[in-house]
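Enquirer: A single structure is presented below for examination.
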Amino acid sequence: MIMYDWLQTIILFAILIILTKPMGIFMMNVYRGECTFLSPILCPLESLIYRICGVDRQEAMGWKRYAWSMVLFNLVLFAALFVMLMVQHLLPFNPQKVPSFTWQLALNTAISFMTNTNWQTYSGEQAASYFTQTAGLAVHNFLSAATGMAVVVALIRGFVSRKTASIGNFWVDMTRSTLYILLPFSIIGAILLVPQGVIQNYSDYKTVPLLQSTSYDRPKVDHKGIPLKDTAGKPVTEHVPIQEVTIPMGPVASQEAIKELGTNGGGFFNANSSHPFENPTPLSNFLEILLILLIPASLTHTFGLMVGNTRQGWGVLTAMLLLLVLSLGSLQWAEKSGNPLVSRLAVSGSNMEGKEVRFGLAGSSLFTVATTGTSCGAVNTMHDSLTPLGGLVPLSLILTGEVVFGGVGSGLYTMLAFAIIAVFISGLMIGRIPEYLGKKIEVTEMWMSILVILTAGITVLIFSGIALVTPSAVASMSNPGTHGLTQVLYAFASMANNNGSAFAGLNANINFYNLLGSLAMLLGRYVPAIAVLAMAGSLAEKKYIPPSLGTLPTDRAPFVIWLVLVILIIGALTFFPALALGPGVEHLMMIG
Amino acid sequence: MKDIKPAILLFIIFTIICGGIYPALVTGVAYFLFPKQAAGSFITDKSGKVLGSTLIGQPFSDPKYFWPRPSATSDFTNNAMASGGSNAGPTNPSYIRTVSDRIKTLRDTGVTGKIPADLVQASASGLDPHITPESALLQVPRVAKARGVSEEMLIKIVAQTTEGRQLRFLGAPRVNVLVLNHALGS
């Protein structure tokens with residue numbers, strides 16, 4: 001059992017590391033505007049797009065214009081999806097005749113998909129039409145991922161450029177990210193997933209007979225929808241026999257591929273990647289984990305190549321891997337140990353609540369770590385039902401800013417902000433002027449790095465605090481006691497860090513979470529992104545300082561370890577009290 | 001302000017490419033290469049009547065059938081229109097009571113010894129089509145008694161239905177409950 005868990009883990013990371021290099025080179029070529037093996041097909045299309053849109057691909061942008069273009073483009077994304085959700089019932093490809101969203105839910109969903117969060121307080125199979133899923137949500141999956149990639153490429157250019165105001169062209173970076181990277185790999189991913197059993201069709205939902213019929217008692221309601229009660233005050237129920245069951249259909253594979261590749265995470269169905277139509281086999285699970293990690297891992301190599309020292313990229317990747325091994329080990333151990341409250345009822349095996357048999361423990365743990373170490377947020381395991389210390393792992397990964405491979409683009413730029421902080425602190429300790437990649441780290445860089453790292457954390461703590469003194473927000477907790485606190489903390493951690501996974505027992509489809517959550521997602525996405533662009537602009541204008549004896553080498557093992565420690569220390573200092581009160585106390589109660 | 005034009009036009013173009021052409025292309029290729037899987041992995045009987053999807057678990061509670069994993073879907077268990085898990089926290093008292101009740105139901109059918117976790121803890125999707133081989137074997141005496149057949153024959157059918165690790169190293173061994181129960185009927 002344990003041997004297979006390890007084998008699966010090792011093979012996954014071996015494949016990932018083997019793919020990092022060619023994929024990193026490929027992405028470097030894409031961002032340098034050079035020819036790739038896809039150019040013969042895509043170059044004419046790309047030129048056509050620029051011609052139609054009036055984009056001059058040679059035009060260089062300063063950071064303000066780059067940031068403005070990004071904000072403007074995201075505003076268009078938001079407006080389009082918001083309107084689409086509000087008029088969903090009038091649009092085509094809606095075989096189930098699902099109605100429109102309420103404005104609060106439409107607002108939350110539009111912001112959620114625009115910010116690459118994909119927090120969902122609706123249930124896909126019941127609330128979203130095929131048109132919404134493909135022409136609305138999936139398009140946002142592509143374009144929000146491309147936005148993140150554009151921002152990190154701009155930052156890398158800031159390190160590389162010397163005494164210039166330009167950090168690239170947002171339209172070109174966004175277009176090339178989508179056209180050359182996200183689209184081709186999504187097509188490959190989707191076509192690999194279908195033979196495993198991921199569905200892909202536009203059929204009506206299908207009704208099939210049950211081999212053994214079942215039934216349930218439904219509370220009777222009057223014509224106003226108010227539950228009826230008998231004279232004794234007990235609710236009146238009626239017996240409903242069930243002989244057949246409706247199975248939802250849809251274009252799932254195309255959605256699934258970009259949902260993982262773009263680290264978006266919004267499920268086609270409510271059960272997300274635990275649903276057998278989204279993730280039918282252990283192999284589809286393996287492929288989906290690989291898709292989640294592919295771009296974030298490879299971007300570290302693109303970074304190394306672009307700054308002219310691939311060891312810088314491998315150093316960052318190693319730091320990520322160290323954090324990953326630590327998290328995966330903890331989660332695997334916590335879940336394997338099981339829940340003593342259940343085990344003592346003579347139940348054997350690891351904790352299986354909220355898990356699927358086919359994935360095995362390693363398949364569940366790997367997916368959970370991958371989805372929260374990045375900003376993906378798809379789930380194949382219900383995080384709410386993890387053991388307390390098991391649930392602490394995804395929560396901590398999100399709270400430390402999703403830097404274990406990270407979201408596409410956003411993960412690497414957050415990691416580079418941590419690297420700048422690490423350089424600065426070590427510079428203070430050894431009395432040297434902090435430099436990173438040949439650029440002096442000064443006040444602007446420090447301010448911006450701090451904004452990148454602390455915005456989400458401060459948002460999480462303040463908003464969770466507000467939730468805990470708001471009666472309607474507290475009433476949404478589905479589990480009593482300290483676990484309820486963890487549910488709220490997880491909700492804001494997930495939204496402010498643009499993850500999108502949840503301790504899903506929390507009833508988040510109320511105005512409080514829909515509206516305050518929208519604000520958390522906006523702050524968590526755009527404050528860091530704009531700060532990164534401002535930093536890119538500032539770095540680009542600096543001159544290059546060649547490394548000297550006084551320079552701290554950032555491509556060596558000691559720095560990698562130091563970087564990991566800085567991440568852990570900042571995370572621990574910010575969140576220790578909240579985490580101790582949530583998962584910490586619950587663990588003691590469970591083993592007590 | 002000149003950036004408004006590319007913002008709107010790029011969005012429209014990518015909606016057509018990523019939201020229209022891309023899913024249509026994948027659907028076309030999927031139907032051409034893997035029509036059965038793309039449609040939902042449905043199984044039919046000899047007359048062509050659809051029996052269900054091998055991927056979507058169905059509810060069973062009759063002693064003569066193998067039972068699936070507990071499911072927390074709303075209205076009734078394994079309700080495919082309401083996929084999802086229980087989201088019960090590990091120390092939630094009502095959740096621990098639910099697990100105790102499930103154990104009691106199994107004990108009432110004559111089960112002794114330790115019970116595999118997958119048979120008393122609810123799945124993530126609420127539609128998990130599989131149980132572990134241990135959970136299937138645990139139910140053999142009950143099903144044999146209800147059907148008046150030998151346990152050896154059922155053990156054989158369970159063994160035939162058991163799927164191993166995919167590519168020999170991925171996932172966990174498992175038994176598809178719907179397939180197993182259909183195999184019993186014939």
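The values are calculated or read from the model by the stated rules, or taken from the named source; none is laboratory data. Predicted model, so just to flag it, every value in this text is computed and none were measured. Heads up, the Cβs are rebuilt from the backbone with ideal geometry, glycines too, and the neighbour counts pull from every protein chain shown.
Enquirer: Sort out for me the helices (runs of 4 or more DSSP H) sitting completely within the stretch A:1-89 that have 3 or more residues that are farther than 30 Å from A:Ala370 by Cα and within 12 Å of chain B (Cβ to nearest Cβ).
Expert: A:39-53, A:63-86
Enquirer: Exactly one of these conditions fails for A:Lys97: (1) of a type outside the set (A, V, I, L, M); (2) surrounded by fewer than 20 Cβ atoms within 10 Å (Cβ to Cβ); (3) in contact (Cβ under 8 Å) with a residue 12 or more places away in the chain. Give me its number.
Expert: A:Lys97 satisfies all of (1) of a type outside the set (A, V, I, L, M); (2) surrounded by fewer than 20 Cβ atoms within 10 Å (Cβ to Cβ); (3) in contact (Cβ under 8 Å) with a residue 12 or more places away in the chain except (3).
Enquirer: Something else now. Do we have any residue at all in the stretch A:199-222 that's buried (at least 24 other Cβ atoms within 10 Å of the Cβ), over 30 Å from A:Thr302 (Cα atoms) and touching a residue at least 60 places away in the same chain (Cβ under 8 Å)?
Expert: Within the stretch A:199-222 (the criterion being buried (at least 24 other Cβ atoms within 10 Å of the Cβ), over 30 Å from A:Thr302 (Cα atoms) and touching a residue at least 60 places away in the same chain (Cβ under 8 Å)), the answer is yes, since at least one residue qualifies.
Enquirer: Spot the failing condition for A:Val408; the list is (1) in a helix (DSSP H, G or I); (2) among the aliphatic types (A, V, I, L, M); (3) surrounded by 16 or more Cβ atoms within 10 Å (Cβ to Cβ), and only one is missed.
Expert: Failed condition: (1).
Enquirer: Looking at (1) surrounded by 17 or more Cβ atoms within 10 Å (Cβ to Cβ); (2) facing chain A (nearest Cβ under 7 Å); (3) without any contact (Cβ under 8 Å) to a residue 12 or more places away in the chain, which is the one condition that is false for B:Gly20?
Expert: (1)
Enquirer: Please work out which one of (1) more than 12 Å from chain B (Cβ to nearest Cβ); (2) in contact with a strand residue (DSSP E or B) (Cβ under 8 Å, 6 or more places away or on another chain); (3) not acidic (Asp, Glu) is the condition A:Gly313 fails and give its number.
Expert: The number of the failed condition is (2).
Enquirer: Pull up the stretch A:477-491, narrow it to residues that are closer than 19 Å to A:Thr459 by Cβ and out of contact with any helix residue (DSSP H, G or I) (no Cβ under 6 Å at 6 or more places or on another chain), then point me to the one that is farthest from the other protein chains (Cβ to nearest Cβ).
Expert: Looking at residues that are closer than 19 Å to A:Thr459 by Cβ and out of contact with any helix residue (DSSP H, G or I) (no Cβ under 6 Å at 6 or more places or on another chain), I get A:Ala491.
Enquirer: Exactly one of (1) in contact with a helix residue (DSSP H, G or I) (Cβ under 7 Å, 6 or more places away or on another chain); (2) under 25 Å from A:Gly406 (Cβ atoms); (3) of a type in the set (Phe, Trp, Tyr) is unmet by A:Phe576. Its number?
Expert: (1) is the only condition that A:Phe576 fails.
Enquirer: Condition test on A:Ala127, is it over 21 Å from A:Val71 (Cβ atoms), in contact with a Phe, Trp or Tyr (Cβ under 8 Å, 6 or more places away or on another chain) and more than 10 Å from every other protein chain (Cβ to nearest Cβ)?
Expert: When the stated conditions are applied, A:Ala127 passes them.
Enquirer: Against the conditions (1) outside any loop (DSSP other than H, G, I, E, B); (2) buried (at least 16 other Cβ atoms within 10 Å of the Cβ), where does A:Glu244 fall short? Just the number, please.
Expert: (2)
Enquirer: Still on this structure, I have one more. Taking the stretch B:42-58 as the region of interest, how many residues are facing another protein chain (nearest Cβ under 7 Å) and at pLDDT 95 or above?
Expert: So the count comes out to 4.
Enquirer: With A:Thr164, A:Thr147, A:Thr178, A:Thr132 as the choices, which residue is assigned by TED's automatic domain parsing to the domain that holds A:Asn29, assigned to a loop (DSSP other than H, G, I, E, B), out of contact with any Ser or Thr (no Cβ under 8 Å at 6 or more places or on another chain) and polar (S, T, N, Q)?
Expert: That would be A:Thr164, the only listed residue that is assigned by TED's automatic domain parsing to the domain that holds A:Asn29, assigned to a loop (DSSP other than H, G, I, E, B), out of contact with any Ser or Thr (no Cβ under 8 Å at 6 or more places or on another chain) and polar (S, T, N, Q).
One line per residue, one yes/no per condition, for (1) modelled with pLDDT under 95; (2) within 13 Å of chain B (Cβ to nearest Cβ):
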{"position": "A:Ala346", "(1), (2)": "yes, yes"}
{"position": "A:Ser350", "(1), (2)": "yes, yes"}
{"position": "A:Thr368", "(1), (2)": "no, yes"}
{"position": "A:Thr374", "(1), (2)": "yes, no"}
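Enquirer: Separate question: Would you say B:Asn79 is under 13 Å from B:Ser125 (Cα atoms) and surrounded by fewer than 24 Cβ atoms within 10 Å (Cβ to Cβ)?
Expert: Yes, satisfied.
Enquirer: On the given criteria, is A:Phe512 in contact with a Ser or Thr (Cβ under 6 Å, 6 or more places away or on another chain), assigned to a helix (DSSP H, G or I), surrounded by fewer than 22 Cβ atoms within 10 Å (Cβ to Cβ) and of a type in the set (Phe, Trp, Tyr)?
Expert: Judged against the criteria, A:Phe512 is a match.
Enquirer: Looking at the stretch A:94-116, can you tell me whether even one residue there is more than 12 Å from chain B (Cβ to nearest Cβ), in contact with a helix residue (DSSP H, G or I) (Cβ under 9 Å, 6 or more places away or on another chain), among the charged types (D, E, K, R) and over 28 Å from A:Asp204 (Cβ atoms)?
Expert: no
Enquirer: Does A:His275 count as crowded, with 24+ Cβ neighbours inside 10 Å, modelled with pLDDT of 95 or more and over 19 Å from the mean Cα position of the chain (by Cα)?
Expert: no
Enquirer: Which condition from (1) on the phi > 0 side of the Ramachandran plot; (2) surrounded by 15 or more Cβ atoms within 10 Å (Cβ to Cβ) is the one that A:Phe82 breaks?
Expert: For A:Phe82, the exception is condition (1).
Enquirer: May I pose another question? Just to confirm my filter: which helices (runs of 4 or more DSSP H) fall fully inside the stretch B:101-186 and include at least 3 residues that are within 18 Å of B:Pro70 (Cα to Cα) and either at the interface with another protein chain (Cβ under 10 Å from one of its Cβ atoms) or in contact with a helix residue (DSSP H, G or I) (Cβ under 6 Å, 6 or more places away or on another chain) (or both)?
Expert: In the stretch B:101-186, the matching helices (runs of 4 or more DSSP H) lie at B:133-147, B:177-185.
Enquirer: Now, a different point. Restricting attention to the stretch B:80-100, report how many residues are more than 7 Å from chain A (Cβ to nearest Cβ) and not small (Gly, Ala, Ser).
Expert: Within the stretch B:80-100, residues that are more than 7 Å from chain A (Cβ to nearest Cβ) and not small (Gly, Ala, Ser) number 4.
Enquirer: Kindly evaluate B:Leu10 against the criterion of being in contact (Cβ under 8 Å) with a residue 40 or more places away in the chain, within 7 Å of another protein chain (Cβ to nearest Cβ) and either touching a Pro at 6+ places or on another chain (Cβ under 7 Å) or over 19 Å from B:Ser125 (Cβ atoms) (or both).
Expert: No, not satisfied.
Enquirer: Sticking with this structure for a sec: Going by what's in this entry, would A:Ile188 be described as surrounded by fewer than 16 Cβ atoms within 10 Å (Cβ to Cβ), more than 7 Å from chain B (Cβ to nearest Cβ) and in a helix (DSSP H, G or I)?
Expert: The answer is yes for A:Ile188.
Enquirer: Does any residue in the stretch A:515-533 that is closer than 11 Å to A:Leu451 by Cβ come within less than 6 Å, Cβ to Cβ, of a residue that is among the small types (Gly, Ala, Ser) and assigned to a helix (DSSP H, G or I) six or more places away or on a different chain, and which pairs are these?
Expert: If the second residue must be among the small types (Gly, Ala, Ser) and assigned to a helix (DSSP H, G or I), the pairs left are A:Ile530/A:Ala67.
Enquirer: Is at least one residue of the stretch A:254-265 within 9 Å of chain B (Cβ to nearest Cβ), among the aliphatic types (A, V, I, L, M) and more than 30 Å from B:Gly89 (Cα to Cα)?
Expert: yes
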